[in-house]
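Q: Handing you a structure now.
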Amino acid sequence: MNGGNQSLVSEFVLLGLSQSQNLQVLLFIIFLMVYLLILSGNTIVMFLIITDKNLHSPMYFFLANLSFVDMWLSSATTPKMITDFLKEPKIISFAGCMSQVFFDHCVGAVEMLLLVVMAYDRYVAICKPLHYFTIMNLKRCTGLVFTSWAIAFVHAMSQLLAVVKLPLCGHMEIDSFFCDIPLIIKLACMDSHILDIYMNIDCGFVVVTCFILLLISYTYILLTVRQSSKAGASKALSTCTAHITVVLIFFVPCIFIYVWPLSITWFDKFLAVFYTVFAPLLNPAIYTLRNKEMKNALKKLKNHFMNDKGNT
């Protein structure tokens, strides 16, 4: 464990969110309930989109994919965090640690890219409505989702390869609830300045590029909406507001963790919890509560179950 050679490292110790046993029991209950809500909320969104014919459009196709990704994003770290609340010490194997690094960056990058794709979808729908279904056909929609996964895979592999052979030494303690690259780099038996720069550039390229594309898309949309009729503008603004809210919830923590790190431990933990747990929790609620079609589909599902219950 204390050797300078990475090959001797078989496990890491996660310090978690808190050292207080009583607080950890409370956090176990809270995060278990939150995780169950994430799974159920996103599953309901996917079920509604698959079963309701009124939701068979490109926007909801991407939303179903986003819900699927949200479940994976949370599942990459949350189950381990929940079980660790009841364990001391909180051990994670080297393979498990590297798996968290890969899936966190892969699924996180997919989420960013899907948000860009959804912004492009809204841009076409609002700025080029007559050509919407021609441009956003099934082949293109599927291709955009596949491309998002392919780019995310390459990004995650580049991050994983940068740390998997890194020589580590000292106490293998990671002051967080999951393995993340900035924290692993701190354990390196070498000057990690160049590696820090590489990580910031790699992550920064994905995060900043996606964020700029989102800003451009929504700027065009908002400028177009200003020239639309009142009814059309109101619907477009409602949809875009939901999208922009989701973008801010997800991107702001990622920017402060990977692009412009503040290196404040408690704040980094808060941001990590926010984008891995609360973003996947809030996304279904935001899209459902601010979307008329989704609310109608939810009402129909509720009425269907109520009628079935009444018949029995």
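Q: Of the conditions (1) touching a residue at least 12 places away in the same chain (Cβ under 8 Å); (2) crowded, with 17+ Cβ neighbours inside 10 Å; (3) farther than 29 Å from Q21 by Cβ, S57 fails just one. Which one is it?
A: (1)
Q: OK, next. Report the residue count in region 279-293 for those that are within 21 Å of L36 (Cα to Cα) and either touching a residue at least 40 places away in the same chain (Cβ under 8 Å) or charged (D, E, K, R) (or both).
A: 9
Q: Here's something else I'd like to know. What number goes with the only condition from (1) touching a Ser or Thr at 6+ places or on another chain (Cβ under 8 Å); (2) within 20 Å of V206 (Cβ to Cβ) that T78 does not pass?
A: Among (1) touching a Ser or Thr at 6+ places or on another chain (Cβ under 8 Å); (2) within 20 Å of V206 (Cβ to Cβ), the lone unmet condition for T78 is (2).
Q: Is it the case that some residue within region 20-32 is open to solvent by less than 10 Å² (accessible area, probe 1.4 Å), part of a loop (DSSP other than H, G, I, E, B) and in contact with a Phe, Trp or Tyr (Cβ under 7 Å, 6 or more places away or on another chain)?
A: no
Q: Could you grab me the full set of residues in region 72-92 that are surrounded by 18 or more Cβ atoms within 10 Å (Cβ to Cβ) and aliphatic (A, V, I, L, M)?
A: Answer for region 72-92, where residues must be surrounded by 18 or more Cβ atoms within 10 Å (Cβ to Cβ) and aliphatic (A, V, I, L, M): L73, A76, M81, I82, I92.
Q: Return the pair list, or none, for Cβ contacts closer than 9 Å from residues in region 210-231 that are under 12 Å from R122 (Cα atoms) and open to solvent by less than 50 Å² (accessible area, probe 1.4 Å) to residues that are aromatic (F, W, Y) and modelled with pLDDT of 75 or more, at least 6 apart or on different chains.
A: Partner pairs satisfying both residue conditions: L214/F251; S217/Y120; S217/Y123; Y218/Y123; I221/Y123; T224/Y123.
Q: Would you point out the residue of region 100-152, among those that are of a type in the set (S, T, N, Q), in contact with a helix residue (DSSP H, G or I) (Cβ under 9 Å, 6 or more places away or on another chain) and in a helix (DSSP H, G or I), that is nearest to F278 (Cα to Cα)?
A: That would be Q100.
Q: Same structure, new question: Which numbered condition trips up M118, out of (1) buried (at least 17 other Cβ atoms within 10 Å of the Cβ); (2) free of Cβ contacts under 8 Å to residues at least 60 places away in the same chain; (3) aliphatic (A, V, I, L, M)?
A: Here M118 clears every test but (2).
Q: Shifting gears a bit: Could we say that L37 is within 19 Å of Y275 (Cα to Cα) and surrounded by 17 or more Cβ atoms within 10 Å (Cβ to Cβ) here?
A: In short, no.
Q: Follow-up. Output the number of residues of region 146-175 satisfying the condition of being within 12 Å of F102 (Cβ to Cβ) and either of a type in the set (K, R) or open to solvent by less than 50 Å² (accessible area, probe 1.4 Å) (or both).
A: Residues flagged as within 12 Å of F102 (Cβ to Cβ) and either of a type in the set (K, R) or open to solvent by less than 50 Å² (accessible area, probe 1.4 Å) (or both) within region 146-175 amount to 9.
The values are calculated or read from the model by the stated rules, or taken from the named source; none is laboratory data. No experiment lies behind these values; they were computed from the predicted model shown. Methodologically, a virtual Cβ is constructed for each residue, glycine included, from the backbone with ideal geometry; neighbour enumeration extends over all protein chains shown. These accessible areas exclude ligands, DNA and RNA; they are computed on the full protein's heavy atoms, side chains included. Shrake-Rupley method; radii C 1.70, N 1.55, O 1.52, S 1.80 Å.
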